[in-house]
Amino acid sequence: MKVKFILNNKVQQYNGDEEMPLLWYLRDYAKLRGTKYGCGIGACGACTVHIDKRAVRSCTLKMKQLEGRAVRTIEDLATNNILHIVQRAWIDEDVAQCGYCQAGQIMSVVAMLESNPRPGQREFSGLTNICRCGTYPRMRKAIERAVRQINLTSGL
Ligand code: FES
Ligand code: FES
């Protein structure tokens, strides 16, 4: 089955196993290894990417589901070597411990803030990525920092 989709603003043509998870494509074919494998069953969020601007777990999304869709990975967040506001906030708050879950965490947060730059408890409870190192308090601070930055920058 042929599948045509966009990956980080570039057209991709895939002609292979339609049941293969997108995560395999990203890491093994596209060599984009920022997206991580954790559980493989859609539970941990380490493999989170954006599909049409929404956070999706790429370990459970099959290649055949990608036709005509736009995929964005952590590698596409920085522009011209300038980090995304959320990445910057992550560094400023020194969030990462082992770092394994962090790309997925950041992708989930960016999707949340792109849909609502002033998130409330409802949006925060939609962040279900797991961090085995327990960096949740620092992540919360980084999100709050990013929110301040975004709303300052947009003049809201
Ligand atoms: S590896 Fe995809 S959700 Fe855990
Ligand atoms: S920083 Fe280690 S799992 Fe999250």
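The values are calculated or read from the model by the stated rules, or taken from the named source; none is laboratory data. It should be emphasised that the depicted structure is a prediction, and the values quoted were computed from it without experimental measurement. As a convention, Cβ positions derive from the backbone with ideal geometry for all residues, glycine included, and neighbour counts pool all protein chains shown.
All but one of (1) touching a residue at least 60 places away in the same chain (Cβ under 8 Å); (2) among the small types (Gly, Ala, Ser); (3) buried (at least 23 other Cβ atoms within 10 Å of the Cβ) hold for Gly38; state the number of the condition that does not hold.
Exception for Gly38: condition (3).
The rows are residues; the columns are (1) assigned by TED's automatic domain parsing to the domain that holds Gly126; (2) away from ligand 1 (no atom under 11 Å from the Cβ); (3) in contact with a helix residue (DSSP H, G or I) (Cβ under 6 Å, 6 or more places away or on another chain).
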| site | (1), (2), (3) |
| --- | --- |
| Gln13 | no, yes, no |
| Glu19 | no, yes, no |
| Tyr29 | no, yes, no |
| Thr35 | no, no, yes |
| Ala43 | no, no, no |
| Ala46 | no, no, yes |
| Ile51 | no, yes, no |
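Does Gly134 meet the test of being farther than 20 Å from Arg33 by Cβ, loosely packed, with under 14 Cβ neighbours inside 10 Å, over 16 Å from the mean Cα position of the chain (by Cα) and modelled with pLDDT of 95 or more?
So Gly134 fits the description; yes.
Among the candidates Cys44, Cys101, single out the residue that is within 16 Å of ligand 2 (Cβ to nearest atom), among the hydrophobic types (A, V, I, L, M, F, W, C) and more than 14 Å from Met139 (Cα to Cα). It would help to see each step written out before you state the result.
Numbers: Cys101 fails: more than 14 Å from Met139 (Cα to Cα).
Just a single option satisfies the conditions, and that option is Cys44.
In region 1-96, which strands (runs of 3 or more DSSP E) lie fully inside it and hold 1 or more residues that are within 19 Å of Met112 (Cβ to Cβ)?
Working: elements: 2-7, 10-15, 48-51, 54-57, 70-72.
Result: 48-51, 54-57, 70-72.
Please determine whether any residue of region 95-108 is more than 16 Å from ligand 1 (Cβ to nearest atom), outside the structural domain of Met20 (by TED's automatic domain parsing) and surrounded by fewer than 21 Cβ atoms within 10 Å (Cβ to Cβ).
yes
Matching residues to (1) buried (at least 18 other Cβ atoms within 10 Å of the Cβ); (2) out of contact with any Lys or Arg (no Cβ under 7 Å at 6 or more places or on another chain); (3) at pLDDT below 95:
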{"position": "Met1", "(1), (2), (3)": "no, no, yes"}
{"position": "Asn15", "(1), (2), (3)": "no, no, no"}
{"position": "Ala43", "(1), (2), (3)": "no, yes, no"}
{"position": "Leu66", "(1), (2), (3)": "yes, yes, no"}
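Scan Thr153, Thr79 and give me the residue that is out of contact with any strand residue (DSSP E or B) (no Cβ under 9 Å at 6 or more places or on another chain), under 15 Å from Asn8 (Cα atoms) and away from ligand 2 (no atom under 13 Å from the Cβ). Walk me through it before giving the result.
Working: Thr153 fails: under 15 Å from Asn8 (Cα atoms).
On inspection, the qualifying residue turns out to be Thr79.
What about Gln121, is it farther than 22 Å from Arg27 by Cβ, modelled with pLDDT of 95 or more, surrounded by fewer than 16 Cβ atoms within 10 Å (Cβ to Cβ) and among the polar types (S, T, N, Q)? I'd like the intermediate steps shown before the answer.
Details: farther than 22 Å from Arg27 by Cβ: yes; modelled with pLDDT of 95 or more: no; surrounded by fewer than 16 Cβ atoms within 10 Å (Cβ to Cβ): yes; among the polar types (S, T, N, Q): yes.
For Gln121, the condition - farther than 22 Å from Arg27 by Cβ, modelled with pLDDT of 95 or more, surrounded by fewer than 16 Cβ atoms within 10 Å (Cβ to Cβ) and among the polar types (S, T, N, Q) - is not met.
With Leu127, Leu113 as the choices, which residue is more than 9 Å from ligand 2 (Cβ to nearest atom) and either in contact with a Gly (Cβ under 9 Å, 6 or more places away or on another chain) or in the same structural domain as Tyr37 (by TED's automatic domain parsing) (or both)?
Details: Leu113 fails: either in contact with a Gly (Cβ under 9 Å, 6 or more places away or on another chain) or in the same structural domain as Tyr37 (by TED's automatic domain parsing) (or both).
Result of the check over Leu127, Leu113: Leu127.
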